[in-house]
Amino acid sequence: MRKTFLEYMNYVGGFGLSYASSALKPIASLGDSPPKGSAGRTSPGAGLSASTNRVPRKSGQKAGSDKHSDLYTDENPKGTIHGLGFTDGAKARQSVSKIKGSGKTHAHKIQAAIAMSQRAKVASQRAKDPQKKKDLGQAHKVYQRYIDTNKKDK
């Protein structure tokens with residue numbers, strides 16, 4: 001008859017079952033603990049500046065809700081370029097000129113344009129009115145043209 005480890009410990013050492021279970025500890029680490037330093041699990045990752053007090057959804061909203069999207073949230077409003085829009089091509093061209101004259105870094109400008117382009121694209125896909133769909137599509141094209149002309153070669 002085969003005995004479990006705890007039964008063996010009770011048999012050999014005369015330990016009580018509660019003592020044996022509390023005294024059992026791993027002899028060596030199997031490498032399942034997070035690394036120390038900047039690459040640990042508490043670190044948001046390379047190039048990301050995640051806030052520790054981030055609230056990703058509205059209260060009462062389910063975790064997998066398709067009504068929430070980080071595409072429309074501004075978690076770090078300090079560096080925001082204000083006054084951008086995507087309702088139609090004219091507003092998008094006005095916004096592109098604001099992005100160009102914002103004084104931000106190239107990466108920041110491209111990131112702002114990409115966010116606005118994605119917003120316009122999603123809104124045009126979801127729009128039911130054909131005229132709104134067309135206007136939002138034009139805005140997406142304006143932003144996309146700006147992004148394509150200002151890409152840096154790798």
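The values are calculated or read from the model by the stated rules, or taken from the named source; none is laboratory data. This structure is a prediction, so every number in the text was calculated from the model and none was measured. Note that we place each Cβ from the backbone using ideal geometry, even for glycine, and neighbour counts take in every protein chain shown.
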Requested in this report: State whether one or more residues within segment 72-79 are loosely packed, with under 13 Cβ neighbours inside 10 Å, in a helix (DSSP H, G or I) and modelled with pLDDT under 70.
Outcome: yes
**Report entry** Selection from segment 119-140 of residues that are part of a helix (DSSP H, G or I) and surrounded by fewer than 16 Cβ atoms within 10 Å (Cβ to Cβ)
**Finding:** GLN125, ARG126, PRO130, GLN131, LYS132, LYS133, LYS134
Report summary line: Filtering segment 88-107 for residues that are closer than 13 Å to VAL142 by Cα, of a type in the set (S, T, N, Q) and under 25 Å from the mean Cα position of the chain (by Cα) leaves a count of 1
Query raised in the report: Is it true that some residue in segment 62-71 is outside any loop (DSSP other than H, G, I, E, B), at pLDDT 95 or above and charged (D, E, K, R)?
Result: no
Requested in this report: Keeping to segment 84-93, report how many residues are surrounded by 15 or more Cβ atoms within 10 Å (Cβ to Cβ) and assigned to a helix (DSSP H, G or I).
Outcome: 4
Query raised in the report: What number of residues in segment 108-145 are closer than 22 Å to GLY79 by Cα and over 25 Å from the mean Cα position of the chain (by Cα)?
Result: 0
